[in-house]
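To keep things clear, I will list the structure first and then write my remarks on it.
Each value in this text was obtained by applying a stated rule to the coordinates, not by laboratory testing. In this text, all values refer to a predicted model and were calculated from it rather than measured experimentally. Cβ: placed from backbone, ideal geometry, glycine included. Neighbour counts: every protein chain shown.
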Amino acid sequence: MSAGRLQLVEKTFRGSEAAYRRERPMGLVRRLVSKFVSLFVHHLPSWRMRGPLYRVMGVRLSSDSFVGRESYLDPEFPELITIEDGVTVSARVIVACHDSSRDLVAPVRICAGAFVGTGAIILPGVTIGQRAVIGAGTVVSHDVEPNQVWVGSPARTLGSRKPIAGPIDRQ
C-alpha cells in the first residue's frame, strides 16, 4: 500500500509504515516513555501493575479487561490497540499493529467480552467481535464476527456461541 493511498480508519491510519510514522499522533517524549515501559511491563507479576502501564504506553485498555503475563502488545504503535470491556487476553498473546514485510500499519480492536487464548497471534488490521473466542495458538489474520469460535493456524471458524444477555449488552 503506497503512502498516497493512506486511509483514516477509526481515527487511526491504515497504510504504509513510513506514512504513519510521519503523521503519528504520539510525540517523541511519549514514544520514548512507551518504549521504556514496554521493556518490562509484560514481565510484571500482577495485572494491577500491568494494566496501568499498558495505558501509559498508549494502549486503549478498559479497566475491567485482563491482559495475561508475557503478552506482547505492539510497542511500536500501542496507540493503535483497543481492548474493550470484559476482554480476556491470556498469557503470551502477541498483538501486532505493524508488519514491516508488507509495509502495513493498521489498528487492532478486541471487542467487549472476547476471549483470546494462550499464545494466539493477532495480526494488523484485525477486529475481534463481541464475545468471540480465539483458541490457544491461533493466528488471526482476518476479522472475527461476534460470537464466533476460531482456532488454528491460519485461523478458521469452528462454530459459534449462543448470544447471551449480559452487562455488555445493556450498555
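A Förster radius of 35 Å, combined with the Cβ-Cβ distance separating Leu39 from Ser160, puts the computed FRET efficiency at roughly 0.35.
Stretching the chain fully between Ala91 and Ser141 yields a gain of 16.1 nm (0.36 nm per residue, less the alpha carbon separation). Neighbours of Gln148, meaning other residues whose beta-carbon lies under 14 angstrom from its beta-carbon, give a summed charge of +2 when Lys and Arg score +1 and Asp and Glu score -1. A Förster radius of 22 Å combined with the Cβ-Cβ distance from Ser153 to Val29 puts the calculated FRET efficiency at roughly 0.05.
Taking 0.36 nm per residue of separation and subtracting the Cα-Cα distance, full extension of the segment from Ser62 to Arg102 would add 11.4 nm.
Annotation: peptides 128-141, 40-53, ranked by per-residue average of other Cβ atoms within 10 Å with the highest first, follow the order 128-141, 40-53.
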